[in-house]
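Heads up: the structure comes next, in structure tokens.
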Amino acid sequence: MAKQKLALIGNGMAGVRCIEEILKIQPERFEVTVFGSEPHPNYDRIQLSNVLQGATTIDDITINDWNWYKENNITLFSGETVTNIDTAKQIIYSDTNRAVEYDQLILATGSIPFILPIKGADKKGVTAFRNIEDCEKMIEYSKSYKKAAVIGGGLLGLEAARGLLNLGMQVDVIHLSEYLMDRQLDPTAGKMLQRELESQGMNFYLGKQTQEVLGEFDVKGLRFSDGEEISADLVVMAVGIKPNVQLANDCGIPVNRGIIVDDYMKTGIPNIYSVGECAEHREMVYGLVAPLYEQGKVLAKKICGLDGKSYEGSVLSTKLKVSGVDVFSAGEIFEDEQAKSIKEFNEWNGTYKKVMIRNGKISGAVLFGDTKESNNLLSMINKNADVSEYLKVGTSGDPSSLVTSMSHEEIVCGCNGVTKGDIVTAIESKGLTSIEEVKGCTNASRSCGGCKPLVGDILELTLGADFSESNHKESICTCTTLSRDEVVAEIREKNLTHTREVMNVLGWNTSDGCSKCKPALNYYLGMIHPVEYEDEKESRYVNERLHANIQKDGTFSVVPRMYGGVTNPDQLRKIANVADKYNVKLLKVTGGQRIDMFGVEKEDLPSVWADLDMPSGYAYGKTLRTVKTCVGENFCRFGTQDSIGLGIALEKKFERVGTPHKVKMAVSACPRNCAESGIKDLGVVGVDGAWEIYIGGNGGTHLRAAELLCKVKTSDEVIEIAGAYLQHYRETANYLERTSVWVERVGFDTIKTIIGDKQKRIELNQRLDEAISVLQEPWKEIIESKAIQTGLFQKVKIPAKSNK
Ligand SMILES: Cc1cc2nc3c(=O)[nH]c(=O)nc-3n(C[C@H](O)[C@H](O)[C@H](O)COP(=O)(O)OP(=O)(O)OC[C@H]3O[C@@H](n4cnc5c(N)ncnc54)[C@H](O)[C@@H]3O)c2cc1C
Ligand code: SF4
């Protein structure tokens with residue numbers, strides 16, 4: 001039977017969660033197509049606050065990577081906006097003129113940030129806080145500017161302000177009300193919060209209405225309605241969101257504030273549903289994930305034709321994600337004739353608790369300074385518990401007694417609706433030992449992460465004496481409870497030689513592994529058995545399989561190697577000829593000093609490489625990318641050393657060898673450092689009669705200055721040290737861990753001691769040389785093998801952006 005066509009507009013948290021739920025129920029029923037305006041796979045928007053505060057990185061907030069779409073046969077059009085829906089013919093049109101038919105359609109277009117309609121709001125330096133690009137913009141501004149103003153003293157504004165403080169900016173927060181978070185807190189808690197944040201360095205302008213953004217083109221400051229002015233280089237508007245309903249409205253789908261849906265998330269048009277922040281249910285629109293995920297569950301059952309529970313609406317609860325500040329609020333928060341409260345205020349500890357009671361039932365709560373009881377209280381609010389139940393357990397204050405007293409039906413993870421019973425059952429039946437594993441199996445703590453401490457308490461309670469030693473262990477993925485070090489040790493000890501064998505012998509809980517463990521195991525096996533191990537191409541990401549970089553439009557980019565960034569007329573002629581012959585759309589000189597050819601069709605790749613007759617630059621690989629060099633002593637009047645010669649020697653020696661993540665090197669011939677050696681995984685700087693070697697630098701998202709490892713006299717010594725360093729990294733880093741992170745995790749001094757030991761250096765280089773001895777030029781191998789060409793490069797449509 002032909003599959004039904006299911007389309008999703010909006011690749012965000014709510015829509016994709018609904019698809020996940022559908023796949024759980026009926027993985028084969030639909031042919032799924034997803035459109036997303038943002039050029040990213042589905043990511044955890046909630047964690048943007050933590051990215052800004054430096055607690056996590058953009059790389060780490062992906063919920064479902066490109067491979068997930070492929071593995072589930074989902075066609076993803078990312079970076080593509082749907083502009084029209086023909087609801088009669090059931091066809092969607094996008095801004096690239098793509099037309100896609102559907103049988104069922106889900107609208108999950110989320111919200112758009114509200115920008116105050118004031119003079120100057122369009123100036124350079126004004127931003128919202130909604131997506132990855134906003135976050136990157138703030139990080140970028142913090143590098144050059146000092147003063148930030150955040151308009152909005154609600155959750156989002158305060159999280160943005162804390163992030164900007166962490167980025168080294170001075171931060172003013174402007175808020176219309178007289179106290180902070182006035183929609184979630186009462187004045188007592190709001191003022192306590194203000195004092196705490198002031199002690200962290202935030203400055204507040206309360207009861208102020210912003211009237212104008214000052215400056216000619218760039219932001220220079222703000223003027224308030226009372227005439228007061230403050231200076232600012234960056235203005236963040238965090239004043240609210242509005243449901244993104246333009247598309248629905250234009251296409252005749254009934255809309256009020258949001259897209260109007262019934263209790264099964266059906267809109268007013270046949271076969272069209274809506275979930276997420278864009279949906280309006282019983283006159284409510286929601287701006288937190290817990291209700292949106294509930295909606296997704298209800299809709300998944302509906303679309304799969306199952307009789308399920310209807311969506312009845314949700315009780316909202318919030319937690320502020322600012323380190324050092326514990327704030328919780330749920331349900332109603334203000335007293336009136338019928339609603340009374342129990343309050344506890346401890347000025348000494350800085351804690352405050354208010355529990356609301358309406359008609360003898362728990363109806364709301366505000367906690368400040370100590371939020372351990374938040375989940376208990378939320379459960380009681382959700383089930384409309386009698387006040388006597390609260391009085392029985394709520395005042396003990398002991399977290400372990402709170403966990404013990406929780407019933408198995410009580411919700412632990414509010415975002416994902418996971419109960420204590422779900423977690424205990426998963427721990428007991430699957431032998432889980434860490435929070436990460438619980439997250440993988442149950443979804444608990446997968447979104448805002450606020451329930452992590454409680455999940456930890458449940459683990460502790462369930463595991464008893466086994467808890468402490470096991471909980472610190474991080475498994476390599478949710479298919480196993482083993483950590484990276486344990487897997488590597490087992491492979492060595494049991495002499496395991498294939499990924500399947502590793503999974504079988506070490507008791508993986510999935511039959512095929514996942515997109516996280518498969519490439520990692522392939523790497524570890526290759527590192528441990530460099531000569532015997534046959535690389536498993538199918539375990540690699542698509543770029544590494546095809547030895548080219550897939551681009552947003554599904555074509556590829558090709559980068560031939562130019563050792564040390566040096567080229568010659570013959571190579572340039574070959575590149576020019578290939579560019580003409582294969583209709584290359586863009587020729588670009590890269591930051592790594594070589595030439596990138598964009599827009600090559602997949603089936604042309606083997607002949608492009610044959611015509612180029614140059615080695616691969618491995619611009620796609622987890623290996624040495626480039627060795628950037630400065631011009632050095634031969635031409636530069638400051639040069640003290642032959643930087644180009646050393647750069648070429650390093651690149652020729654270490655090219656192609658597999659590493660946990662990409663590796664970049666640079667050689668500069670004097671401390672002016674034109675090759676930027678200070679931000680490379682390995683950077684070399686010439687000083688009078690010697691070379692300084694720096695390690696662990698990074699110029700990307702984890703900007704990190706490399707640290708001076710040692711100073712040596714000759715180029716041969718540099719190569720020997722570099723070899724030992726590279727092999728030690730290969731042997732001890734986690735797969736996908738850059739050297740900048742590895743150096744911090746393992747410790748610079750530990751690495752320095754190992755590399756400083758002559759005997760260890762020799763042994764490390766011997767093992768590296770063994771690995772290098774079997775390497776082959778991949779493009780040459782493909783040109784010479786018809787079988788690889790037919791297997792990999794025949795005309796098969798690869799979805800755009802399908803690589804990690
Ligand atoms: C910084 C920050 C912190 C937050 N913290 C919390 C928190 O602690 N707890 C909590 O519960 N919630 C929090 N939230 C809110 C939470 O992230 C949102 O409720 C949730 O992401 C909404 O999911 P959604 O799928 O409805 O919308 P979105 O995640 O916004 O997804 C909608 C997607 O649809 C795309 N789209 C729109 N129109 C089109 C179109 N025509 N064609 C193609 N694509 C389209 C958009 O580009 C977007 O990617 C936070 C939000 C932010 C920004
Ligand atoms: S790093 Fe020094 S030697 Fe190299 S190009 Fe710059 S100034 Fe010249």
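Looking only at residues in the stretch 712-749 that are assigned to a loop (DSSP other than H, G, I, E, B) and closer than 21 Å to Thr640 by Cα, which one is most open to solvent (accessible area, probe 1.4 Å)?
Taking the candidates together, the pick is Lys713.
Can you name the number of the only condition in (1) touching a helix residue (DSSP H, G or I) at 6+ places or on another chain (Cβ under 6 Å); (2) at negative phi; (3) more than 16 Å from ligand 1 (Cβ to nearest atom) that Leu454 fails?
All conditions are met except number (3).
Show the residue pairs that are 6+ apart or on different chains and have beta-carbon atoms under 8 Å apart, the first residue being within the stretch 667-695 and free of Cβ contacts under 8 Å to residues at least 24 places away in the same chain, the second being assigned to a strand (DSSP E or B) and among the acidic types (Asp, Glu).
Short answer, once both residue conditions are applied: Val685/Glu692; Tyr694/Glu707.
Looking only at the stretch 247-278, which residues are farther than 21 Å from Gly305 by Cα, in contact (Cβ under 8 Å) with a residue 24 or more places away in the chain and of a type outside the set (Val, Ile, Thr)?
Leu247, Ala248, Asp250, Cys251, Gly252, Asn256, Arg257, Gly258, Glu277, Cys278, listed by residue number.
Does the stretch 354-381 hold any residues that are crowded, with 19+ Cβ neighbours inside 10 Å and of a type in the set (S, T, N, Q), and which are they?
Listed by number, the residues that qualify are Ser363, Thr371, Ser374, Asn375, Asn376, Ser379.
Looking at the stretch 411-433, which of its residues are assigned to a loop (DSSP other than H, G, I, E, B) and either open to solvent by 40 Å² or more (accessible area, probe 1.4 Å) or more than 23 Å from Ala385 (Cβ to Cβ) (or both)?
Gly431, Leu432, Thr433
Restricting to the stretch 128-145, count the residues that are closer than 9 Å to Leu167 by Cβ and not aliphatic (A, V, I, L, M).
3
Of the residues Cys278, Cys304, only one is of a type outside the set (Ser, Thr, Tyr) and surrounded by fewer than 20 Cβ atoms within 10 Å (Cβ to Cβ); which?
Cys304
Which members of the stretch 343-353 meet the condition of being of a type outside the set (Gly, Ala, Ser) and surrounded by fewer than 22 Cβ atoms within 10 Å (Cβ to Cβ)?
Lys343, Glu344, Phe345, Asn346, Glu347, Trp348, Asn349, Thr351
Return a yes/no flag: does the stretch 765-776 have any residue that is surrounded by fewer than 19 Cβ atoms within 10 Å (Cβ to Cβ) and at pLDDT below 90.
Yes; the residues of the stretch 765-776 include at least one that is surrounded by fewer than 19 Cβ atoms within 10 Å (Cβ to Cβ) and at pLDDT below 90.
In the stretch 691-705, what residues are hydrophobic (A, V, I, L, M, F, W, C) and either at pLDDT below 95 or open to solvent by 20 Å² or more (accessible area, probe 1.4 Å) (or both)?
Of everything in the stretch 691-705, those that are hydrophobic (A, V, I, L, M, F, W, C) and either at pLDDT below 95 or open to solvent by 20 Å² or more (accessible area, probe 1.4 Å) (or both) turn out to be Leu703, Ala705.
Can you pull out every residue in the stretch 591-650 that is open to solvent by less than 20 Å² (accessible area, probe 1.4 Å), part of a loop (DSSP other than H, G, I, E, B) and away from ligand 2 (no atom under 13 Å from the Cβ)?
Those that are open to solvent by less than 20 Å² (accessible area, probe 1.4 Å), part of a loop (DSSP other than H, G, I, E, B) and away from ligand 2 (no atom under 13 Å from the Cβ): Gly592, Arg594, Met614, Gly617, Tyr620, Gly621, Thr623.
Here is a check on your reading of the model: is Lys680 surrounded by 22 or more Cβ atoms within 10 Å (Cβ to Cβ), of a type in the set (Lys, Arg) and within 16 Å of ligand 2 (Cβ to nearest atom)?
So Lys680 fits the description; yes.
If you scan the stretch 474-517, which residues turn out to be among the aliphatic types (A, V, I, L, M) and not in a loop (DSSP other than H, G, I, E, B)?
Listed by number, the residues that qualify are Val487, Val488, Ala489, Ile491, Val502, Met503, Val505.
In the stretch 242-295, which residues are charged (D, E, K, R) and either within 11 Å of ligand 1 (Cβ to nearest atom) or assigned to a helix (DSSP H, G or I) (or both)?
Within the stretch 242-295, Asp250, Glu277, Glu294 meet the criteria.
Exactly one of (1) part of a helix (DSSP H, G or I); (2) surrounded by 18 or more Cβ atoms within 10 Å (Cβ to Cβ) is unmet by Asn577. Its number?
Answer for Asn577: the failing condition is (2).
Please find, among Glu490, Glu469, the residue that is at pLDDT 80 or above and either more than 28 Å from the chain's Cα centre (by Cα) or crowded, with 22+ Cβ neighbours inside 10 Å (or both).
Glu490
The values are calculated or read from the model by the stated rules, or taken from the named source; none is laboratory data. All figures in this text were calculated on a predicted structure; none of them were measured in a lab. Note that each Cβ is placed from the backbone with ideal geometry, even for glycine, and that neighbours are counted across all protein chains shown. Heads up: the accessible areas ignore ligands, DNA and RNA and are worked out on the full protein's heavy atoms, side chains in. Shrake-Rupley method; radii C 1.70, N 1.55, O 1.52, S 1.80 Å.
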